[in-house]
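Read-outs: derived from the displayed coordinates by stated rules, not from any lab. Note that this is a predicted model, so its numbers are computed, not measured. When we count neighbours, we look across all protein chains shown, and the Cβ atoms used for this are built from the backbone with ideal geometry, even at glycine.
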């Protein structure tokens, strides 16, 4: 099992998202600690990291296998996530 860490920007990102979506996003990110390379997780092209699609939102994160840590660094709407 991996440790789940959140970047400080994630809290700010979540405040801009409706509450029902927030709980859904947090539930899905907690599952990353159990299975970080879930079949719905995709590697980002052109940069380090991975993404998880949760409805119209994208959870961007990195996986450190040596430390067994998943670090979520952004949660953004689909159109803004890759800028």
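Assorted remarks:
- Applying the condition of being in contact with a helix residue (DSSP H, G or I) (Cβ under 9 Å, 6 or more places away or on another chain) and under 16 Å from residue 61 (Cα atoms) to the range 14-28 and asking which residue is surrounded by the most Cβ atoms within 10 Å (Cβ to Cβ) yields 25.
- Among the residues of the range 43-70, the ones that are assigned to a strand (DSSP E or B) and surrounded by fewer than 13 Cβ atoms within 10 Å (Cβ to Cβ) come to 1 in all.
- Just so you know, in the range 25-42 the residues that are touching a strand residue (DSSP E or B) at 6+ places or on another chain (Cβ under 6 Å) and in a helix (DSSP H, G or I) include one that is farthest from residue 69 (Cα to Cα), and it is 25.
- Cβ-Cβ under 9 Å pairs, at least 6 apart or on other chains, the range 48-74 side on the phi > 0 side of the Ramachandran plot and in contact (Cβ under 8 Å) with a residue 40 or more places away in the chain, far side assigned to a strand (DSSP E or B) and surrounded by fewer than 18 Cβ atoms within 10 Å (Cβ to Cβ): 68/3
- Residues of the range 4-18 satisfying the condition of being assigned to a loop (DSSP other than H, G, I, E, B) and either within 10 Å of the chain's Cα centre (by Cα) or closer than 15 Å to residue 72 by Cβ (or both): 7, 17
- Single residue of the range 19-36 satisfying the filter (over 13 Å from residue 54 (Cα atoms) and without any contact (Cβ under 8 Å) to a residue 12 or more places away in the chain) that is nearest to the chain's Cα centre (by Cα): 35
- Matching residues in the range 71-83 - criterion: being in a strand (DSSP E or B) and more than 16 Å from residue 17 (Cβ to Cβ): 71
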